[in-house]
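I have placed the structure first, in the form of structure tokens, so that the comments after it can refer back to it.
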Amino acid sequence: MFCHFCGTKVADNAQFCPNCGQPISSPASPGGTPPPPPNVPAPGSAPGAPWTPPVGIKAQPGRWIGEGWSLVTSDLGNYLLISLIFVLLNGVPLIQGALVAGFHIFTMKKLMGRRGDVGDLFKGFNFFVHTLVASLLIGIFVFAGTLACFIPGLVIAAMYKFTFLFIVDKRMEFWPAMQASHAVVRNDYFGFTMFLILAFLVNVLGFLCLIVGLLVTVPVTIAAITVAYKEIVGVDPATVDAL
């Protein structure tokens, strides 16, 4: 049996498509379409509808940074190489968003037990337009918030930390992805802002270690954000397999 929405082959007894999440009409119950699962728009709804996170989310900055450290040190060679390429290319205008997305792709694969390689860094360019627009908008919003007062700038930066993961994992466009990221963070503005500050301090420490330490601290902070996303939102295995 195949999904009528995306064409993915699914099990005969499946109620929902593992790729797009849409409900499957089972041959055993013709005409009977089960209700869509939580956080998945019903058929016919507007594309890119905002994702609704579960309530009661609390940030755990220290634990996420610790798990990011464990993940990076478990494959330090690849992370150092990817981080070196990332740092060298980061000065090229307009590609920072795609590079961050690619870094998340590699880390998502590691978290899901898939084989990742250095080439994953460049797979973020498959989402170039949305990552570019998102990075530009986030930069503008953070700059405006910082001009108004330093603290709002930090909060705004924290609000959109999961944007690139939503673009890659859920195939969202830039604005729904930014809304989804904000929907997660608004459960605990203070906690997620502390997460951002802790990640920044980790990178400051890396900079002080003869700058070379950034090759370790940058992937640790990106890994920590990916770990937090996987715990709160959940990574779609079908997406990871398709990357």
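The values are calculated or read from the model by the stated rules, or taken from the named source; none is laboratory data. Computed from a predicted model, the values in this text were never measured in an experiment. Methodologically, a virtual Cβ is constructed for each residue, glycine included, from the backbone with ideal geometry; neighbour enumeration extends over all protein chains shown.
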Among the residues of the stretch 229-243, write down those that are in a loop (DSSP other than H, G, I, E, B) and in contact (Cβ under 8 Å) with a residue 60 or more places away in the chain.
Val233, Val235, Asp236, Leu243
Of the criteria (1) closer than 24 Å to Val55 by Cα; (2) touching a residue at least 24 places away in the same chain (Cβ under 8 Å); (3) surrounded by fewer than 24 Cβ atoms within 10 Å (Cβ to Cβ), which one His182 fails:
(2)
What residue, of Gly77, Gly116, Gly91, Gly66, is assigned by TED's automatic domain parsing to the domain that holds Met194, touching a Phe, Trp or Tyr at 6+ places or on another chain (Cβ under 9 Å) and either of a type outside the set (Ser, Thr, Tyr) or closer than 22 Å to His130 by Cβ (or both)?
Gly116
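Residue-by-condition table, conditions (1) in contact (Cβ under 8 Å) with a residue 12 or more places away in the chain; (2) on the phi > 0 side of the Ramachandran plot; (3) aliphatic (A, V, I, L, M):
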position: Ala148; (1), (2), (3): no, no, yes
position: Trp175; (1), (2), (3): yes, no, no
position: Phe195; (1), (2), (3): yes, no, no
position: Ala199; (1), (2), (3): yes, no, yes
position: Asn203; (1), (2), (3): yes, no, no
Tell me the residue from Ile167, Ile82 that is assigned by TED's automatic domain parsing to the domain that holds Asp188 and under 24 Å from Gly206 (Cα atoms), please.
Ile82
Val100 - would you say it is over 19 Å from Thr163 (Cα atoms), surrounded by 13 or more Cβ atoms within 10 Å (Cβ to Cβ) and of a type in the set (A, V, I, L, M, F, W, C)?
no
